[in-house]
């Protein structure tokens, strides 16, 4: 009932994880397991989908995890579309995390090329999850062409800086008709919880797990952070106030004596 | 092994809860149970400790929770000391959450009177947990006179504004030789997680539970938030970075073709 | 030497002002004069450029201020282009502040339609100053098609929230080859100063002046804020540090006695 | 009329400067002159007040600047009181910036010892300006014993981190009956402006000037920042809003056609 539903598919977990930058496949698997995630994104260029012996893919239990190919490294719509088609041709399900990042330094997404690629891929039957800057109008355009989610960034990839785009993400959530998945920049469970408290439907985490001293334990910590934020959102958070208010309204018997 | 230890006593839970401002005793009990807390603070003036029929006390299972009397409402050291003695005389264990708040508006603690009362109460054998402004030098003085914790505020009581005193609390944690319990102002699980990620030993929450639409569910959410933050602290969080770093370092096979 | 140069034209002032929402024309003129601004933006729809008797225009000294027509209210590229052409046909200089805001609620700019309109208008010989979300990749695209500035928002129009998009604006500045003018959301001189300290070339302010109790005095305050930030940027700000460092390294003669 | 008045003495400038950490006396003098300050604080231990040849003192024009001796380096009330008396005995006016900082690492002030020293010095006829943590209750105690100002810190000395204690300082200002001078941590003119916009009466800056590439120019920038903030405070800042509001309410002639 409280599942995350993307393109009609149900997920219990609201934490998606990435597979980059881990020090070993064992660390990656530990983080995935700890996180309780059901969706795992892999860079198409990093894996050889055709090859059953590909060392990374062989570590991911595809009964347990939905493999979500991403177009990481694509610099324009054309490259992104080509990568997505390759993945489907190799037998992947037609889901794609769309990333178009012409700038090699900050890896920020291109709004124009992302929308262009999304339009093509949706028409070809893909379930498209686009990674975008936290731009509410762009988010609307993408939903209008039929993307299955929008994935605004909290901060540039790999920075661990948290929900630096909070105001914009709040607007995206308010206006969204598909799930909003906050992607990139979330460096600690408190960041993930904050996004969920704001009303995000899910978050995607990668670097924070990969660079942790103990990736498996960090996966568990993020799992709890995401659940904490979601549950608080549902339980109805109080408002912030300017003035203090006693939590102990007193009868004052002492002073009256 | 990873217990919270205060004055030699072990606790599994690192979340303390307050009992003020709940709409009903049932809501209060639901929040306490959801939170998994083992320490519950009550305003001495609000309860009648002598009276077995006191309606609030009768709802708190004293096998399960350590009842931590607080001196809420005391305006100076003398009043606080008197309240603490009354509680002990009535059969409470000699633990006291020391609150001295002369200002009725923001309920901010008095550093001078708090230190004075702490010194007296420690000498009388109390286990003293003082509520203080996030002042690292005051925190040191209190530890020197023998308090069992220090409890710096994150923001004024009841504001739900979160860890607004983050820089000072980080210094208090760095220099502490007793547990640091962040008290007041934490309005969401993300706030509690942030305090724990910073290295706090525990947090105390009241208003955020009492004003939630569903206090029981909010108690559970905070429980997870605290655990998430603690586990992330232990698992070793990565540093924040200025620049993006790809989570998918690529082989670049596509472009090279 | 230290002028703001846009499309080859020099300006001493780095503070642009808007003309909306003032309670009276007198208040508007007072704010303009106080601000020392040399560029004043007007909504094309609000003024009747053909009409020499238009009450607002008659209050703006066009010897002193460059009138910068904006396309406020345009919902797509076509409307924006039409408005810009109307302004030129009416005898305005071919400068245009390009605003395409399909969302009537938050008035956030449309990245797709803004780029489309910019491309057309640049080809037609306009000097184009586009209002955009703080999106570094979009900013690059606009510069590539030849806009004279980029004008990323600090926060949604009229909110007075300040530089909420600080991280993104820092990247835009770092990568820019044209002046970066921070537009929208700056509600206090400290916000304007912060943008300039970060390296922005100029800022545009409207609401903060219009809603001030004394718009003329607020114009002066913003003038100083902008200059303060600019001068500090040029004078070389020190870095932020985690740890305190004494500003008074002592010889310690007292203690040694 | 709009002067800063401390202990009955009027000042036009609301920017106090410190004299530590400059690379040369020439840099220090340039910063002082640029800043327009009328109050200059010097560490008693660093200068030899008795000695007319002291190289630093000989650079400070005592017709132009009120020399405000500070007790920097004092670790307790006794040391601070001794330093203040030495200064007066050497012919200084009986003004003292009271600093008691037992912690050599963060140089944070001691609330207990500061209050103790303040009480003694006020009784001895000193004009006492105490440097304190941003603790509203402590600020009240100091005003009750008769200090001429309170000087809460924005962030630890030398960090340039800005107004990190904003919430507490707002409360101190609201409750103050003497001028509030924000001291320590202000690293940029925007920080100084923010403090003044909040209603502070003045700020003290040192490190930000001393470490600037061009201290004289930075002094000027801070002067403008302080004035900008003060003037904005007087001109009546608008409120922050959650939602955007058009600065150009339109007649909509275009769309209606």
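Just so you know, all these numbers are worked out from the coordinates, no wet-lab data involved. Computed from a prediction, not measured in an experiment: that's the story for all the values here. Cβ coordinates were reconstructed from backbone atoms using ideal geometry, including for glycine residues, and neighbour counts include every protein chain displayed.
One residue stands out among those in the range B:192-206 that are over 12 Å from the mean Cα position of the chain (by Cα) and facing another protein chain (nearest Cβ under 8 Å): the one that is surrounded by the fewest Cβ atoms within 10 Å (Cβ to Cβ), which is B:197.
Scanning the range B:53-106 for residues that are part of a loop (DSSP other than H, G, I, E, B) and free of Cβ contacts under 8 Å to residues at least 24 places away in the same chain yields B:53, B:54, B:61, B:62, B:63, B:103, B:104, B:105. Looking at the range B:186-209, which of its residues are touching a helix residue (DSSP H, G or I) at 6+ places or on another chain (Cβ under 7 Å) and within 13 Å of residue B:160 (Cβ to Cβ)? Of everything in the range B:186-209, those that are touching a helix residue (DSSP H, G or I) at 6+ places or on another chain (Cβ under 7 Å) and within 13 Å of residue B:160 (Cβ to Cβ) turn out to be B:186, B:187, B:188, B:189, B:190, B:192, B:205, B:208, B:209.
Note on the range B:133-149: among residues that are surrounded by fewer than 22 Cβ atoms within 10 Å (Cβ to Cβ) and out of contact with any helix residue (DSSP H, G or I) (no Cβ under 6 Å at 6 or more places or on another chain), the one that is farthest from residue B:173 (Cα to Cα) is B:144.
Scanning the range C:19-29 for residues that are in contact with a helix residue (DSSP H, G or I) (Cβ under 8 Å, 6 or more places away or on another chain) and either part of a strand (DSSP E or B) or under 19 Å from residue C:45 (Cα atoms) (or both) yields C:19, C:20, C:21, C:22, C:23, C:25, C:28.
Entry remark, the range D:231-241: residues being facing chain C (nearest Cβ under 8 Å) and either in contact (Cβ under 8 Å) with a residue 12 or more places away in the chain or within 22 Å of residue C:241 (Cα to Cα) (or both) number 3 in total. With respect to residue B:153, is the statement that it is on the phi > 0 side of the Ramachandran plot and touching a residue at least 40 places away in the same chain (Cβ under 8 Å) true? Here the answer is no, as residue B:153 does not meet what is asked. Using the structure shown, decide if residue D:89 is within 27 Å of residue D:5 (Cα to Cα) and over 20 Å from the mean Cα position of the chain (by Cα). Yes, satisfied. Here the range A:107-132 is the region considered, the condition is being more than 11 Å from residue A:81 (Cα to Cα) and over 18 Å from the mean Cα position of the chain (by Cα), and the residue that is surrounded by the most Cβ atoms within 10 Å (Cβ to Cβ) is A:115.
Residue by residue, here is whether (1) crowded, with 24+ Cβ neighbours inside 10 Å; (2) touching a strand residue (DSSP E or B) at 6+ places or on another chain (Cβ under 7 Å); (3) on the phi > 0 side of the Ramachandran plot holds:
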| site | (1), (2), (3) |
| --- | --- |
| B:158 | yes, no, yes |
| B:164 | no, no, no |
| B:187 | yes, no, no |
| B:211 | no, no, no |
| B:217 | no, no, no |
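Within the bounds of the range D:168-181, is there any residue that is touching a residue at least 40 places away in the same chain (Cβ under 8 Å), touching a strand residue (DSSP E or B) at 6+ places or on another chain (Cβ under 9 Å) and farther than 27 Å from residue D:236 by Cβ? Taking every residue of the range D:168-181 in turn, none turns out to be touching a residue at least 40 places away in the same chain (Cβ under 8 Å), touching a strand residue (DSSP E or B) at 6+ places or on another chain (Cβ under 9 Å) and farther than 27 Å from residue D:236 by Cβ. Residue A:167 fulfils the conditions (1) within 8 Å of another protein chain (Cβ to nearest Cβ); (2) over 20 Å from residue B:164 (Cα atoms) except for a single criterion, (2). The set of residues from the range A:66-91 being surrounded by fewer than 20 Cβ atoms within 10 Å (Cβ to Cβ) and away from every other protein chain (no Cβ under 12 Å) comprises A:66, A:67, A:88, A:89, A:90, A:91.
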